[in-house]
Amino acid sequence: MTILCIETSTSVCSAAICKDGVPCKQCICLEGSNHARLLPRYIETLLSFAREQNLHIDAVALSEGPGSYTGLRIGASTAKGLCYGLNVPLIPVSTLAVLCEAAKTSLSSNSPKDGLTSNSEAVLIPMIDARRMEVYTTGADGSPRAVVVESEESLLTPSLSGEGREGAFFFYFGDGAAKCQSVLTSPNWHYIPDIVPEARFVASCLATISGPSRTITDLAYYEPFYLKDFIAAPSHVKGLR
């Protein structure tokens, strides 16, 4: 199965072609908010690559949030247009799950932390910046939630800190993680830098999605997952105040 994957939920913009879960080609920019300008170019490059390799696009997979309102809307509108044009289904994937896939790759390729053995449990805590000391992360059942990070306890749901996890290592990462280092100071809490959601990891998440939830058939009414309502701030542009 060949899938065109799109990731625009943070300041990173990327798109990739993946076949049977393996990335074939990825285009990515780490330099900030250029999604509207770059994403169409990336899509054109990837579709040309697919034609050259005789790859037929079977679906479009989208990192659907939570994250940046503007970035999510750019990704969703582009994905929906592609699905209409190519007559293929849209598969939404949680951005927090995409971040976890990126962290797993980093952990497997880097030296283990002091005290972490093959028998130690590694708990992954993705964090997407939600301004100030608030982050988007996962809850007790794996569902997204918004949390004001004041201590380790504010992040530890019963399922994350329950019996048998006394010696667990907690790894936190994402664009909302760096600001939490001054709060998360326990020895078994470790910050992993430079973990960003990438389109190539979107396909890695699809193995956990099955059944009817894999596809969005009503594209006209599909919206990204914002988690919080958008609140417009006063304009700072002269003449619009």
* To do: From (1) within 22 Å of Ser204 (Cα to Cα); (2) modelled with pLDDT under 95; (3) in contact with a Ser or Thr (Cβ under 8 Å, 6 or more places away or on another chain), pick out the condition that doesn't hold for Ser109.
  => (3)
* To do: Would you be able to say whether some residue in the range 148-156 is within 30 Å of Leu4 (Cβ to Cβ) and either at pLDDT 90 or above or assigned by TED's automatic domain parsing to the domain that holds Leu30 (or both)?
  => no
* Structure fact -> Residue count, the range 39-79, condition among the small types (Gly, Ala, Ser), buried (at least 16 other Cβ atoms within 10 Å of the Cβ) and assigned to a helix (DSSP H, G or I), comes to 5
* Restrict the check to the range 94-107 and report whether at least one residue is within 30 Å of Ala168 (Cβ to Cβ) and among the basic types (Lys, Arg). => yes
* From the set of residues in the range 1-17 that are among the hydroxyl-bearing types (Ser, Thr, Tyr) and crowded, with 21+ Cβ neighbours inside 10 Å, which is farthest from Ser204 (Cα to Cα)? -> Thr10
* To do: Could you please give the count of residues in the range 17-65 that are free of Cβ contacts under 8 Å to residues at least 40 places away in the same chain and among the acidic types (Asp, Glu)?
  => 4
* To do: Examine the range 171-185 for a residue that is over 18 Å from Ala130 (Cα atoms), modelled with pLDDT under 90 and out of contact with any Asp or Glu (no Cβ under 9 Å at 6 or more places or on another chain), and state whether such a residue exists.
  => no
* Total residues in the range 1-21, condition part of a strand (DSSP E or B) and polar (S, T, N, Q) -> 2
* Asked: Taking the range 44-69 only, how many residues are of a type in the set (Val, Ile, Thr) and under 18 Å from Val98 (Cβ atoms)?
  -> 1
* Asked: Is the range 18-26 home to any residue that is outside the structural domain of Thr105 (by TED's automatic domain parsing) and either under 17 Å from Glu223 (Cα atoms) or crowded, with 23+ Cβ neighbours inside 10 Å (or both)?
  -> yes
* Asked: If you go through the range 205-214 one residue at a time, do you hit one that is in a strand (DSSP E or B), modelled with pLDDT under 80 and under 30 Å from Gly81 (Cβ atoms)?
  -> no
* So which of Gly75, Gly65 ends up being modelled with pLDDT of 95 or more, within 16 Å of the chain's Cα centre (by Cα) and of a type in the set (Gly, Ala, Ser)? -> Gly75
* Can you spot a residue in the range 85-101 that is without any contact (Cβ under 8 Å) to a residue 24 or more places away in the chain, in a loop (DSSP other than H, G, I, E, B), surrounded by fewer than 18 Cβ atoms within 10 Å (Cβ to Cβ) and out of contact with any Gly (no Cβ under 6 Å at 6 or more places or on another chain)? -> yes
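The values are calculated or read from the model by the stated rules, or taken from the named source; none is laboratory data. Computed from a predicted structure; not experimentally measured. Because the Cβ atoms are built from the backbone with ideal geometry, glycine has one as well, and the counts that use them run over all protein chains shown.
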